[in-house]
Every structure is written in structure tokens, then in C-alpha cells.
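Colleague: Take a look at this one; I'll ask things after.
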Amino acid sequence: MRYTPAGLPALDLTLEHHGQAVEAGKPRKVEMRIRSVAIGPLAQQLLGMATEQPAWWSGFLAAARNGKGVVFHITTVSTAVSPTNT
């Protein structure tokens, strides 16, 4: 946990996805990692979440501060079997 210059709690995370998709009619293994951040009350909520717990994450992509790559800014999380809003 860290704090922004405005005093808001911020939690830096790395999200991972492992799955399978169909591309050009053929199954394809899909694996990825993305740098992520949660700010405010959501950051505090995520501290208590199990690290290997599957979840649906919503948010937006933004350029990293150093201009190298992107960061996924998490705005909502659902640990339900399917997302509440698709």
C-alpha cells in the first residue's frame, strides 16, 4: 500500500490471465500479465483478497507515468462466478 500525493491509498498489482480463445477457427492458449493499480477505498478492500482468487476486473487502460507501457486502473472487482454488469 502506498499513498498518492493527494493522500489517497493506492495498491499496485499485477493481474494474470490464463485461458483459451478461438482464433481463425483454431483454439489458442492465452496467457498475459498486466500492471494494475487500485486507488481509494477499493485499494483497501483488495488488501484482504486472496492472491489466487479468480475475479472479474473492470477499469480503464492508461499510459504508465514513465511513458513505458500501460497500466490497468481498476475501478470495480467482482468475485462472483460471472460479472454483474457486462
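The values are calculated or read from the model by the stated rules, or taken from the named source; none is laboratory data. As the structure is a prediction and not an experimental result, all values here were calculated from the model. Every residue, glycine among them, receives a Cβ derived from its backbone with ideal geometry; neighbour counts consider all protein chains shown.
Residue-wise test of (1) at pLDDT 95 or above; (2) more than 11 Å from the chain's Cα centre (by Cα).
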| residue | (1), (2) |
| --- | --- |
| P5 | no, yes |
| T14 | no, no |
| K26 | yes, yes |
| Q45 | no, yes |
| M49 | no, yes |
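Colleague: Please list, ordered by residue number, the strands (runs of 3 or more DSSP E) wholly in region 9-86 having 3 or more residues that are surrounded by 10 or more Cβ atoms within 10 Å (Cβ to Cβ) and of a type outside the set (A, V, I, L, M, F, W, C).
Modeller: Numbers: elements: 9-23, 26-39, 56-63, 70-78.
Of the strands (runs of 3 or more DSSP E) lying wholly inside region 9-86, those with at least 3 residues that are surrounded by 10 or more Cβ atoms within 10 Å (Cβ to Cβ) and of a type outside the set (A, V, I, L, M, F, W, C) span 9-23, 26-39, 70-78.
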